[in-house]
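Note sheet for the following structure.
The values are calculated or read from the model by the stated rules, or taken from the named source; none is laboratory data. Keep in mind it's a predicted model, so treat the numbers as computed, not measured. Cβ atoms come from the backbone with ideal geometry, glycine included; neighbour counts cover every protein chain shown.
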Amino acid sequence: MNGHLISASKLLILWLSLPLAFFSIADEAPKSELARSLESLKSEVLALNRELFILEEDLLFPASTQVAVFVSVDIGRFLTLDSIEIKIDDNDVAGHLYTKRQRKALEQGGIQKLYLGNLKSGKHQLTAIVTGIDNEGRTVKRAATYPFEKDDEAIMLEVKLHDNLRNYRAEVIIDEWVL
Amino acid sequence: MWLKAINFLAVVMLFFTAVIFTPSLYAQNSLMASSLTTDLQDKYYRQALYFYFQNEPAKALSVINHAEQRLGTLMPKSQLFKAGLQVSQGLQQQAQQTLELFDTNQMHDKNHQSQEAQELFTVALLALAEQYLEQGHIKLAQQSLQKLTELPKQYYGQYYLLNQLAYWPQTPKNIATLAMPLSTEQSLTEQSLTEEGNQQYSPYITLNQALALIEQQAYEQAIVLLKNVETLPTVEKEKTFWSELFSWFDDDLDEELSQASTQKATEQQALQDYARLLLAQIYVKQENYDGAFLLLADFPQHSPYTESALFLFALASQKVKQYTMSYNLWALLYKKYPYSQLGWQAAALLAEQVTQQKTLAQGLNVYQDIEQFYLQQLSSLQAFKSAFDHHDNLLTFSTSIANNTPERFALVNQQNYQPVNIWLQKALSASKLTTHYQALGDLKQLEQRISVFQQQFRTIEHIINLNQQRNKRIIHRVQQANYDEIIHAYQQQRDSLATILDAASLQENSEIFADPQEQHWLTRIEKSQQYINHIAAQRNIEAYQKRLDRVAGVLAWQLKKPYPQRLWQHKKQLKALNEALNQLTKQQQQLVLTSKNQPSLTQFITRYQQLKTKVELLQHALSQAKKQVSSAVRTNIADYVTAQKAMLQNYLLIARRNMAKILEQMAEQDKKISKQLNSEALISAEGGKQ
């Protein structure tokens, strides 16, 4: 019996040593070869992803024909964004139905790249139709048009849902980025 | 445990960026920028934020990397954001490099932006130090913390704790100072902040101190510390922090806060349970079994330490002669924890107790039961080993639920491997094996990324082929039709028209602009004139000539009237013709350019092939790494199984020896009884003879 009890005590010491090691971390553990190589692989994958993305963009959307449309929300107090439709020259090119999280991401300052496409040189017109819910729970639509001229440079347009503090209404503004 | 508790640090950093870069600031920025060129740095940063707020940090990192590649550099807040995202993706070395690149001078300006940058810098370094500590890279953690020379108040507690652990058991050499001066209402000294940090995280530090004292056998001092932990009240986290963090998840807020609160309460309870267990262990060591018994009598049933507490309680109850209780506890332990070393030992102690307190036969029965139990466990262990050895994909071994689709861009495997097999669950409690499994998960994630790359390659290859075909068609058409000559002919025609128009303008010749009717009249007048001239020798033509002159005069007057308008219209048409010809020339030049575009397409093909080679190399490296990790996992499992087997065999041996002893004792007893019976029979026989 005594022999067993001694072994039980030893066992308890063994059992204690595990949490002890957990809490006491004074021993330096060198960064393992595995950890280093895994990190290096991850960074290689990231670099590849970046290069591939840029190659794809350069090939599919060269600057001479590239047009991109972004969406942002300034505060969003007067209109809760529900969906957006984008037309270029009366052709539907993009649309999006927002989830709650996506809407919040926009309200926190995020910018969504909604559309990336190609367009011939010359004069065009962008139309943005925004649907949302106003402060009184009514479904409202706001729209804006923006004429622009496509030349050899990429064109980037930002559709902003802006809170107009003068009339307490949300309005849609389209800005062209100056590159 | 505390490490897990502050795992959110990386997340904190990223959330924090959202809190400090408010939309109104963006509005101001964009207004300022609208007059000049657009701030593309800011636009890219906000695109990254959009993904970040949707809990897709890998995509956010991808946008930031894209921005860096496109713009050549990153603004300070993007750099710091990138560092935070890298930490969240387990790229510590890269994060460290990013932070080293960050120009710290920018933080010393006392403007708003630099204060934000300083906070981001602080949180990124704290997150990095925390990850290093978690992985046991103490020197790296120390280096990260040393970079913080001053920091905001709200991070002082975390900093203090991390610093304590990084230098444990020594005292930290350099302590950072507070970055921002405090107002009179908040006149807290650094000392009080240190105390605050100490108090907030004291359970962890106190437990560490107690464990160090136990190692040095300074039990009395350890007892004082452990009693403190045991009675610690639940520390409420500062509400401002979490509420700000999650304020943008309106409906999710309550759930998030409730989860955080439950996690905090569980953690606090676990700490107190652990302290109580250590205290009971000291009492047992000091042979104060009554103390241990009383302490563990109301130990919570659902605690991470229940198994250990149960064992200790059974031991203490045996020592205080509560035999029924200890018997029940040993029986419960080995039935409830059949895969645990404590369960195996409990079985042995149960048999021992029965043998001592009941009959030898009953003891033998229990020994026979536990012998079977050990044999079953050995066979189950062997079956596990065999199944494990024959399973190729380690991540699919013994899994009950299908894995959810992971985030396509993630670099870190978010799903912990949770096998059903209990032996493997036990083996995974060793941190080394867990690290290997995490590495396997990450490698699988990277493999999935590579397969996405390959899909992209196929698309790119297809696009390149299409472009090549298009180029061929263009070259063929350019060769077939001489567009230069056609355009030149058009230009000549235009030039002659321009000359006529110029002449008409100069001479004010309105006849040029005559419409078909007028032209018809003019022709008729001309013919009439010719006719008059022809008959002039035979007749008197004066009257005819006068009439014709009148008609010609009227027509000239009619043509003069719309002349300015017609001249302007023709000039306008000529201008339009010029524009059309220019457009045609441009298009022709574009066509020539496209037909000669082969070098640019060749560049794309070269880039594509280079990337493809890189991916192939990477794929090979991934496969090698996977092999290495799998081999390490198999070795670890083999070692674990060997160790468990040795332990079980040892218990089996002890049980069999004790059974042999019991049998010997029973044989001796039998002998004694038979001797006694014999002697009694002899006596009675002798008595009968007499």
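Here are a few things to note about the model shown:
Yes or no, residue by residue, for (1) within 12 Å of chain A (Cβ to nearest Cβ); (2) touching a Ser or Thr at 6+ places or on another chain (Cβ under 6 Å); (3) loosely packed, with under 12 Cβ neighbours inside 10 Å; (4) among the aliphatic types (A, V, I, L, M):
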{"position": "B:612", "(1), (2), (3), (4)": "yes, no, no, no"}
{"position": "B:619", "(1), (2), (3), (4)": "yes, no, no, no"}
{"position": "B:631", "(1), (2), (3), (4)": "yes, no, yes, no"}
{"position": "B:636", "(1), (2), (3), (4)": "no, no, no, no"}
{"position": "B:641", "(1), (2), (3), (4)": "no, no, no, yes"}
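- The residue that is nearest to residue B:140 (Cα to Cα), among those in region B:68-90 that are within 10 Å of chain A (Cβ to nearest Cβ) and surrounded by fewer than 20 Cβ atoms within 10 Å (Cβ to Cβ), is B:68.
- Matching residues, region B:500-541, being among the polar types (S, T, N, Q), at pLDDT below 85 and part of a helix (DSSP H, G or I): B:505, B:507
- Sole residue being without any contact (Cβ under 8 Å) to a residue 60 or more places away in the chain and assigned by TED's automatic domain parsing to the domain that holds residue B:434, chosen from B:655, B:632, B:643: B:643
A quick yes/no check of all residues on (1) closer than 20 Å to residue B:55 by Cα; (2) among the acidic types (Asp, Glu); (3) surrounded by 14 or more Cβ atoms within 10 Å (Cβ to Cβ):
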site: A:80; (1), (2), (3): no, no, yes
site: A:83; (1), (2), (3): no, no, no
site: A:87; (1), (2), (3): no, no, yes
site: A:93; (1), (2), (3): no, no, yes
site: A:100; (1), (2), (3): yes, no, no
site: A:108; (1), (2), (3): yes, no, yes
site: A:122; (1), (2), (3): no, no, no
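- Of the residues making up region A:55-68, one or more are more than 9 Å from every other protein chain (Cβ to nearest Cβ), surrounded by 20 or more Cβ atoms within 10 Å (Cβ to Cβ) and in contact with a Phe, Trp or Tyr (Cβ under 9 Å, 6 or more places away or on another chain).
- Selected residue (only one of B:350, B:329 is buried (at least 21 other Cβ atoms within 10 Å of the Cβ), more than 26 Å from residue B:270 (Cβ to Cβ) and without any contact (Cβ under 8 Å) to a residue 24 or more places away in the chain): B:350
Yes or no, residue by residue, for (1) among the aromatic types (Phe, Trp, Tyr); (2) modelled with pLDDT of 95 or more; (3) over 30 Å from residue B:586 (Cα atoms); (4) surrounded by 14 or more Cβ atoms within 10 Å (Cβ to Cβ):
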| residue | (1), (2), (3), (4) |
| --- | --- |
| A:70 | yes, yes, yes, yes |
| A:97 | no, yes, yes, no |
| A:103 | no, no, yes, yes |
| A:113 | no, yes, yes, yes |
| A:134 | no, no, yes, yes |
| A:142 | no, no, yes, yes |
| A:146 | yes, yes, no, yes |
| A:154 | no, no, no, yes |
| A:166 | no, no, yes, no |
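- Restricting region B:42-67 to residues that are facing chain A (nearest Cβ under 8 Å) and over 18 Å from the mean Cα position of the chain (by Cα), the residue that is surrounded by the most Cβ atoms within 10 Å (Cβ to Cβ): B:46
- Residue B:658 vs. criteria surrounded by 17 or more Cβ atoms within 10 Å (Cβ to Cβ), over 30 Å from residue A:53 (Cα atoms), at pLDDT 90 or above and more than 39 Å from the chain's Cα centre (by Cα): yes
- Selection from region B:142-171 of residues that are facing another protein chain (nearest Cβ under 9 Å) and either part of a helix (DSSP H, G or I) or in contact with a Lys or Arg (Cβ under 9 Å, 6 or more places away or on another chain) (or both): B:165, B:166, B:167
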